[in-house]
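**Student:** One structure follows; several queries about it will come next.
The values are calculated or read from the model by the stated rules, or taken from the named source; none is laboratory data. This is a predicted model, so every value here is computed, not measured. Counting neighbours? That spans all protein chains shown, and the Cβs are built from the backbone with ideal geometry, glycine included. Accessible surface areas use protein heavy atoms only, side chains included; no ligands, DNA or RNA. Shrake-Rupley method; radii C 1.70, N 1.55, O 1.52, S 1.80 Å.
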There are 4 protein chains.
Amino acid sequence: MTLPAERTPGLRPDVGRLTISCHDRPGIVAAVAGFFAEQGANLIHADQHSSDPEGGRFFMRLEFHLDALESRRQELAALFDEKVAGSFRMRWQISLESEPKTVALLVSKSDHCLLDLLWRRRRNELPMNLAMIVSNHDSLRSDAEAFGVDFHHVPMDNHDAGERQMLDLITSRGIELGVLARYMRVLSSRFLERAGCPFINIHHSFLPAFAGADPYAQAHQRGVKLVGATAHYVTAELDAGPILAQDVVAVGHRETVADLRRLGADVERAVLAQAVKWHLEDRVLLDGHRTVVFR
Amino acid sequence: MTLPAERTPGLRPDVGRLTISCHDRPGIVAAVAGFFAEQGANLIHADQHSSDPEGGRFFMRLEFHLDALESRRQELAALFDEKVAGSFRMRWQISLESEPKTVALLVSKSDHCLLDLLWRRRRNELPMNLAMIVSNHDSLRSDAEAFGVDFHHVPMDNHDAGERQMLDLITSRGIELGVLARYMRVLSSRFLERAGCPFINIHHSFLPAFAGADPYAQAHQRGVKLVGATAHYVTAELDAGPILAQDVVAVGHRETVADLRRLGADVERAVLAQAVKWHLEDRVLLDGHRTVVFR
Amino acid sequence: MTLPAERTPGLRPDVGRLTISCHDRPGIVAAVAGFFAEQGANLIHADQHSSDPEGGRFFMRLEFHLDALESRRQELAALFDEKVAGSFRMRWQISLESEPKTVALLVSKSDHCLLDLLWRRRRNELPMNLAMIVSNHDSLRSDAEAFGVDFHHVPMDNHDAGERQMLDLITSRGIELGVLARYMRVLSSRFLERAGCPFINIHHSFLPAFAGADPYAQAHQRGVKLVGATAHYVTAELDAGPILAQDVVAVGHRETVADLRRLGADVERAVLAQAVKWHLEDRVLLDGHRTVVFR
Amino acid sequence: MTLPAERTPGLRPDVGRLTISCHDRPGIVAAVAGFFAEQGANLIHADQHSSDPEGGRFFMRLEFHLDALESRRQELAALFDEKVAGSFRMRWQISLESEPKTVALLVSKSDHCLLDLLWRRRRNELPMNLAMIVSNHDSLRSDAEAFGVDFHHVPMDNHDAGERQMLDLITSRGIELGVLARYMRVLSSRFLERAGCPFINIHHSFLPAFAGADPYAQAHQRGVKLVGATAHYVTAELDAGPILAQDVVAVGHRETVADLRRLGADVERAVLAQAVKWHLEDRVLLDGHRTVVFR
């Protein structure tokens, strides 16, 4: 069951998004644009990418306006499937701006990424239906509740039991995206499969440098002159999933490990918020284990 | 007369670019993409932008492959005009990757922007037919000639006579783009009109801050913590033309005016090279006095 | 009366800071370092700057450890004045890390700078004794109170009456720094004089570009490719005070004025927090209307 | 034998630099500054750093002016050793701005780092006595000679013979710094020991990510959103020496491996030039396998 939950204000009715990926060949754009013109839709934005003009994959994101889209959605999807998608063997998806994705935030003890996401949602920067916050600690409950969000403390001392409880929450609430906002426990591949939705994690280094534990201590030890953060989709292999966003900040010999943590925290929250926003707006497509991000 | 001049290696045959701007309304993309599909062309890239989905202007850039494009260009243009461009009242242009624009570089005494452009051209980063370098000083002649480029010393002590001489050079060589690579004389509006081609200038500040003379001294005096550079099209009003690219570098209390000049020079050459590359690849469209840059 | 207020945890006892500015001449560092060595102090950090090695001004910041500093402060200051400062005609000041400055935050309706400062203070990133928040609107009261900070609504419909009320608050609470965290009313020079403490403002543009009202609309209109923010000390002349920190973010033709505001907000809060932190740590010295920032 | 070679114009006479590292303890700055005051020297700049105020190492760099420094250098050094350095067990070094370091540039086929260094030296940005360019290919000879620099082609088909020849050149020319400006052969630890001078290398990735061969292809494969460059001292372990400087540039799904190479080249030349400048100005001290860089 998806909770009705509150709606993000400012979302436009009758605005849809289509994302496509398929084998590249001539005529795709003409077929897609022709279809939408026939339906009387107006294209607001269109982005496309070919991984290789000769024999690569083709990716597209359309933002369109169509009167009465909410009621015509099923019909539109069926027609598109029949008239366009089938002949190009497309993987595709239509979503509505007025129906933001249902999201769960997972967090441990660090508050910076969580608070930044909550604050951006309150400012209407992040179009999401925020169903709940889940944490393996109880320490951020009052922050969550100050923003009016359901908070669930799911201890992970018994990892299997914890994952089972989390899985119940996620599947019963119709979660479409999980965000690991500095959630410091590794999720099992079994959990990821059963949850049935993507998870975005923020890793506190410029991956693939300093994967694993305590990257700021590793960075200080190596004497690097930049520290960074990486937002990536979670896969069964630790810190190896497709990268959505990365950024860095300059550091020098004066900065201690504690300074790197403080400076890095600003990069982490910015990079995670950016990645989540892109995902919520259907701007991210997968090209193998790389991402195509239509900004 | 356009000199045949040397060709940039690595330019793909049969690859064309179409740029369009027109009043926005439904059906444009379908009409354009449909036309190219009918012609048997394959779209390599497509970018579009609406300044306002309701009643704004529409901008588009297509990169396409069409067999025998070089010989079919006239026919293609005529067909496009008849079948598509007319009904949408488009301003449009088709260019061929295999026919790079003919360019003149204008320079005074500072060498950094000029040398960077010459070096990038040698590396085949800048697809241009470089016809000549014009300078109001003779000091960079040997640098120009080391790169095998025609050098013309046109003194500007008599400004009118100088502009007349420069105009002769520009019109007789079929120049399609002039680049002011730290050319420190103001060009008259009369000259700009008669030259009949766009000019890109690099201004050594983050415009609109510090327009006019000696921006680094102005910046030092004001105590700013960043200095920058701005590449813009030249218009009759000094330092007020449409901006193509800008960047900045951090500075502090230790930097003298000379340091700002040194650090700024790196930004200037990078920003100018970027802007020139975008223009040469037909990535820049004008939206009033603002630019649309399809990167 | 300075309220005792809560103390920032993690502040080191027995750690002091000395800032100096004077006419440059040989022997200053030897005299200062010799004095501290005699007193048995250990230098933790030392930074110095000469605006011009020949006849300029000299600036210095020392961070030192001295046993029982809290009780020996008066004696140390008197000795330093007698033995060192007098002969070099220094402007100088000694402060204690264990006695953070008493601060008032001024805010209007935008929450991003205020919340960021409150959050950083909670994380112990900003060593300050936060006495109160003053606003010309009542809308951020609950946010302020959620962080346990006194909130005063001082309407400015009658500007003179409002300034008088604000002045009472500031002088009665012993405020040593005022921070304008998107406070949108101009403070009169009379107010600034009587308040007797510095004020740091965040201006939402890269000054000196786009001073005055609605800088994001101005920036969009001009078509710049970067928007920025500037933290500066407030002086009687609007947006013209000494600059502490600046930063920018890249924008393009797709960004609307609303997008510039959203992207700029992130830069504003980062730049303001940086400037406030530097001031609180006595890292900023004035060199005429420019700043020396010892990071 | 050190060749007299040409001198960098603009180098100030009577200006010296002292660098120090030693175990941290009270009184160091007072002793050093007192010594220079006694000698009648004026401190132009002073920077210091303690890796840990309690029991760490202390690092210092002084820039000073002393009349007739060139003739008093030996005497000054002897006095400093006797009066100051000994009792603090300092590692220290005095150098003169008027005696820039003798440098060899090593290069393979890529021209961008080499040309940038040559151009910056011509602009007097890099105070060095450039003795020669050594390459394992002959292709950049004419570029080197256009800048008036000795060029030696030392093939490395026989690696041992090549290193022996290079060693002869380096030791016979009194080389004090070797710069690997995209020199693509690994230098043996035997060579490094015998050469007796430090070498700075530019690696075309953000180390420790993508050490080893073809980092841009590795980066593209992993789908990172930033590519970078790292300047580091060469040690026997490949790509693991102390880091002097790093920077990155944003990339996305559109960039091919060739684009990463092109964009990365700009970062490489900037980062290498920065690192070399810092080394030439004695701004870099070693703290184990980390660097202290006094900018």
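**Student:** Based on the alpha-carbon gyration tensor of segment B:92-152 and its eigenvalue square roots a ≥ b ≥ c, which shape applies: rounded if a/c is under 1.5, prolate if not and a/b is larger than b/c, or oblate?
**Tutor:** Because a/c hits 1.5 or more and a/b exceeds b/c, segment B:92-152 counts as prolate.
**Student:** Just to be sure I understand the curve: with the Debye formula and one point per C-alpha of segment A:92-229, what is log10 I(q)/I(0) at q = 0.13, 0.16, 0.22 Å⁻¹?
**Tutor:** -0.62, -0.91, -1.38
**Student:** List the residues of segment A:23-49 whose backbone N lies under 17 Å from a point placed 7 Å from the Cα of B:D67 along the Cα-to-Cβ direction.
**Tutor:** Correct set: A:25-27.
**Student:** Now for a different question. Provide the per-residue ³J(HN,Hα) series for segment D:127-143, in order, calculated from phi with Karplus coefficients 6.51, -1.76, 1.60 and θ = phi - 60°, each as a whole number of Hz, with x at glycine and proline positions.
**Tutor:** Along segment D:127-143, the couplings run x, 9, 9, 7, 7, 5, 10, 10, 9, 7, 10, 9, 6, 9, 4, 5, 4 Hz.
**Student:** Would you please name the trypsin sites (Lys or Arg not before Pro) within segment C:63-118 that are DSSP coil residues with at most 16 other C-beta atoms within 10 Å of their C-beta?
**Tutor:** Counting only loop positions with at most 16 other Cβ atoms within 10 Å, the trypsin sites (Lys or Arg not before Pro) in segment C:63-118 are C:R89, C:K109.
**Student:** Let me ask something else. Can you pull the Rg over Rh of segment A:174-295, Cα-only, Kirkwood?
**Tutor:** Rg/Rh: 0.98.
**Student:** Sequence gap of 8 or more, or different chains, plus Cα separation below 30 Å: how many lysine pairs satisfy both in chain D?
**Tutor:** 6
**Student:** Over what distance in Å are the Cα centres of segment D:23-73 and segment C:46-68 separated?
**Tutor:** 13 Å
**Student:** Using +1 at the C-beta of Lys and Arg and -1 at the C-beta of Asp and Glu, which of A:A258, A:L280, A:H232 has the Cα lying farthest in the positive direction of the dipole of segment A:226-284?
**Tutor:** Result: A:A258, furthest along the dipole toward the positive end.
**Student:** Which distances, in nm and shortest first, link the C:L286 label point to the same label point in every other copy, taking 7 Å along Cα→Cβ?
**Tutor:** 4.7, 4.7, 5.9
**Student:** Short version: ³J(HN,Hα) in whole Hz for each residue of segment A:58-65, in order, from phi by Karplus 6.51 cos²θ - 1.76 cosθ + 1.60 (θ = phi - 60°), x for Gly and Pro, what are they?
**Tutor:** Result, rounded to whole Hz: 10, 10, 8, 9, 10, 10, 9, 10.
**Student:** Output wanted: per-residue J couplings in Hz (rounded whole) for segment D:94-108, from phi through Karplus 6.51 cos²θ - 1.76 cosθ + 1.60, θ = phi - 60°, x for Gly and Pro.
**Tutor:** Coupling constants for segment D:94-108: 10, 10, 10, 4, 7, 10, x, 5, 8, 10, 10, 9, 10, 8, 10 Hz.
**Student:** Please compute the alpha carbon radius of gyration of segment D:41-170, then divide it by the globular-protein estimate 2.2 N^0.38 Å. Two decimals is fine.
**Tutor:** Compactness ratio reported: 1.45.
**Student:** I would also like to ask the following. In segment A:46-76, which GluC sites (Glu not before Pro) fall in coil by DSSP and have 11 or fewer other Cβ atoms within 10 Å?
**Tutor:** Passing sites in segment A:46-76 are A:E54.
**Student:** Using a 7 Å offset from Cα along the direction of the beta-carbon, what are the separations from D:E75 to the same position in each other copy, nm, ascending?
**Tutor:** Shortest to longest, the spacings are 4.3, 9.1, 10.1 nm.
**Student:** Nearest 100 Å² is fine: how much accessible area is buried between B and C, summed over both sides, with a 1.4 Å probe?
**Tutor:** 2900 Å²
**Student:** Taking the Cβ-Cβ separation of B:D150 and D:S139 as r and a Förster radius of 25 Å, what is the calculated FRET efficiency to the nearest 0.05?
**Tutor:** Rounded to the nearest 0.05, the efficiency is 0.45.
**Student:** Further question on the same structure: Which chain A residue hugs the A-C rotation axis most tightly by its Cβ, and what is that distance in angstrom, to the nearest whole number?
**Tutor:** For chain A, the closest residue to the axis carrying it onto C is A:A146, 3.
**Student:** A further question on this structure: Please grab the % of Cα pairs in the protein assembly as shown that end up more than 59 Å from each other.
**Tutor:** 16 percent
**Student:** Related question: For segment B:5-97, count all C-alpha to C-alpha pairs, find those more than 17 Å apart, and express that count as a whole percent of the total.
**Tutor:** 49 percent
**Student:** Mind listing which GluC sites (Glu not before Pro) in segment D:208-295 are in a DSSP loop and have 14 or fewer other Cβ atoms within 10 Å?
**Tutor:** Answer by residue number: D:E237.
**Student:** Let me understand segment C:190-260 better: what is its radius of gyration from the alpha carbons, and its Dmax, in angstrom?
**Tutor:** When restricted to the Cα atoms of segment C:190-260, Rg and Dmax are 13.8, 46 Å.
**Student:** Give the Rg/Rh ratio for chain C, taking Rg as the radius of gyration of the Cα atoms and Rh as the Kirkwood radius, to two decimals.
**Tutor:** 1.00
**Student:** Could you state the per residue volume, in Å³, of the convex hull enclosing the Cα atoms of segment C:57-103?
**Tutor:** 102 Å³
**Student:** Under a crude label model (7 Å from the Cα following the beta-carbon direction), how far is D:R25 from B:L96 in nanometres?
**Tutor:** Result for the modelled spin labels: 8.1 nm.
**Student:** If each label sits 7 angstrom from Cα along the C-beta direction, how far apart, in nm, is A:C197 from its counterparts in the other copies?
**Tutor:** The answer, with the shortest distance listed first, is 4.6, 5.7, 6.2 nm.
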